[in-house]
Structure formats: C-alpha cells, structure tokens
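Undergrad: The structure's right below; bear with me while I get my questions together.
The values are calculated or read from the model by the stated rules, or taken from the named source; none is laboratory data. As the structure is a computational prediction, the values presented were derived from the model and not from experiment. With ideal geometry, Cβ positions are generated from the backbone for all residues, glycine too; neighbour counts draw on all protein chains shown. Side chains are part of the model used for accessible areas, which takes the heavy atoms of the whole protein and leaves out ligands, DNA and RNA. Shrake-Rupley method; radii C 1.70, N 1.55, O 1.52, S 1.80 Å.
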Amino acid sequence: MHIAMWSGPRNLSTAMMYSFGARAEFSVLDEPFYAAYLDATGLDHPMRAEILDTMETDPAVVAQQFQTKHSLYTKQMTHHILDGFPRDWFANARHAFLIRHPARVVASYAVKREAPTLDDIGFVQQCEIFEEVRAMGTDPVVVDSFDIRQDPEATLRKLCTALGLDWDPAMLHWPAGGHQSDGVWAAHWYGAVHKSTGFADPEGPLPEIADDLKPLVDAAMPSYDRLAAFKI
C-alpha cells in the first residue's frame, strides 16, 4: 500500500508522518517533490541550496520511488505538484487529505516565512487534487487536524478504518528528536515537533489574524470548506 497524504504546510503533516512512521510495516518519505518544485519554480525558500543539493530534482525520477512492494507513506505538499509533473502514479496510491482551518495555517506560516501567498499554503491545489482523485472513481479520505488533536486515538482509528488498515496504538507516540526520513529543511521548520513524543494538546480558539493577512485566509476558506464537507 502507498498512502499519499496531501496537505499544505503548517498542518500537522510532520506529526502525521511520524505517526505512520511508528508503524512497523510502513516506511515514510518526507515531501519527495520539494526539490523538484524549487528547481522548477526558482523560488527562494529557507535552505533552498541544501534541499537542491540533497534531493532529486527530476519529478519523474521522484515518482519512481513510489514503486515499492513495501507499505509506504508519503507526506505530499499539494503545492509541490506543478503542471507537467507526473501524476500517473496517482492510480496506484490510496489518497488522504489532511486539512486545517486557514486561519491556523496562515498564523503559523507567517511566523516562519514572511508574506505568504495563496500558492504557498496549498489550499487551492489541495482542492484541485482532491477533485482529480475523486474523478478517478476512488474515494479519497479527508481528516481534519483539529479533530486529530482533539482526540488522537479516536480520529486515527477512523482514519485507519477508512484506509483499510488495522489500528496500531504505536501511531500515538514516537521518539523525540525527529525521524531518520526528515528532509534537510527540518532544521528550519520542525523545531516544535522534534520536541514532541506524540500529538499536541487540543487547539484553542482561532488565532487573531493581522489585517494584511485576512484576505489570504478568506481566499483559502472555500477550498477548506469544500474538503471539510467530506471529513471523517
């Protein structure tokens, strides 16, 4: 089984990768198309040089990594899949979509990188990939990070059932300090999750958003609401 978990940044995606990485039968890949995305767009992201130096930049070669006889979980950033990148591998994956309220994503992202754009946070691309997967005749799974943090075991049990997996309590915990499959960018982005040994406590009220970022939240809301209608 190849589970492709689609999300944008700042969305519990690394903790989810650690959760599946704690299962004995799964290996994990961390944002496999990141270098290909940076190479194709020329964008200046934190640690760009290190990412390009340590990862495959040909998206066709990246996709070949998914051809495995072992159980594989890939943490996929929706905005990394550009026009022209291979999508034939979609047919051989089980697709899940990890969503989070745009206000929480924008507030978190703006701390790490200034002036985020709609393209940066991946909501529109997530909705587009969701519709593409549905058009293939499969039933993509949608899970909200808010629900995971409210009750990790109950929500992950639902997720496993939806994916056709047996429940494994190992998914609730992982060693502090990161995972051997972390991308090189972990030094910039993963500080909090590296200190964790499980999912964080339930989230509180939505954060206050700076006036200049409110239009970004508003622009992302329709895509979030579309997928939220399907969440487990």
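Undergrad: When residues of the range 146-203 are filtered for being assigned to a loop (DSSP other than H, G, I, E, B) and charged (D, E, K, R), how many remain?
TA: 7
Undergrad: Kindly evaluate E153 against the criterion of being of a type outside the set (V, I, T), under 30 Å from A219 (Cα atoms), open to solvent by 60 Å² or more (accessible area, probe 1.4 Å) and over 15 Å from the mean Cα position of the chain (by Cα).
TA: no
Undergrad: Find the residue count for the range 1-23, including only residues that are open to solvent by 30 Å² or more (accessible area, probe 1.4 Å) and either modelled with pLDDT of 95 or more or closer than 23 Å to D147 by Cα (or both).
TA: Result for the range 1-23: 3.
Undergrad: What pairs come up if the first residue lies in the range 46-58 and is outside any loop (DSSP other than H, G, I, E, B), the second is among the β-branched types (V, I, T), and their beta carbons are under 9 Å apart, counting only those six or more places apart or on different chains?
TA: Sorted first by the residue in the range 46-58, then by its partner, the pairs are E50/V184; I51/V184; D53/V184; T54/V184.
Undergrad: Go through the residues of the range 123-139 one by one and say whether even a single one is touching a Pro at 6+ places or on another chain (Cβ under 8 Å), modelled with pLDDT of 95 or more, under 21 Å from L213 (Cα atoms) and among the aromatic types (F, W, Y).
TA: yes
Undergrad: Before we move on, is H173 open to solvent by 60 Å² or more (accessible area, probe 1.4 Å), closer than 29 Å to M55 by Cα and of a type outside the set (D, E, K, R)?
TA: When the stated conditions are applied, H173 passes them.
Undergrad: Right, something else. Given the conditions (1) over 18 Å from the mean Cα position of the chain (by Cα); (2) modelled with pLDDT under 95; (3) of a type outside the set (S, T, Y), which single one is not true for R48?
TA: (2)
Undergrad: With closer than 29 Å to F230 by Cα and surrounded by 16 or more Cβ atoms within 10 Å (Cβ to Cβ) as the only criterion, which of V184, V193 stands out? Full working, then the answer.
TA: Details: V184 fails: closer than 29 Å to F230 by Cα.
Just one listed residue meets the conditions, V193.
Undergrad: Starting from the range 122-147, take each residue that is among the basic types (K, R) and list its partners that are surrounded by 13 or more Cβ atoms within 10 Å (Cβ to Cβ), counting only C-beta distances under 8 angstrom and pairs at least six apart or across chains.
TA: From the range 122-147, the pairs are R134/P140.
Undergrad: Only residues that are aliphatic (A, V, I, L, M) and at pLDDT below 95: list them for the range 155-184, please.
TA: We begin by selecting, within the range 155-184, every residue aliphatic (A, V, I, L, M); these are 156, 159, 162-163, 165, 170-172, 176, 184.
Of everything in the range 155-184, those that are aliphatic (A, V, I, L, M) and at pLDDT below 95 turn out to be A176, V184.
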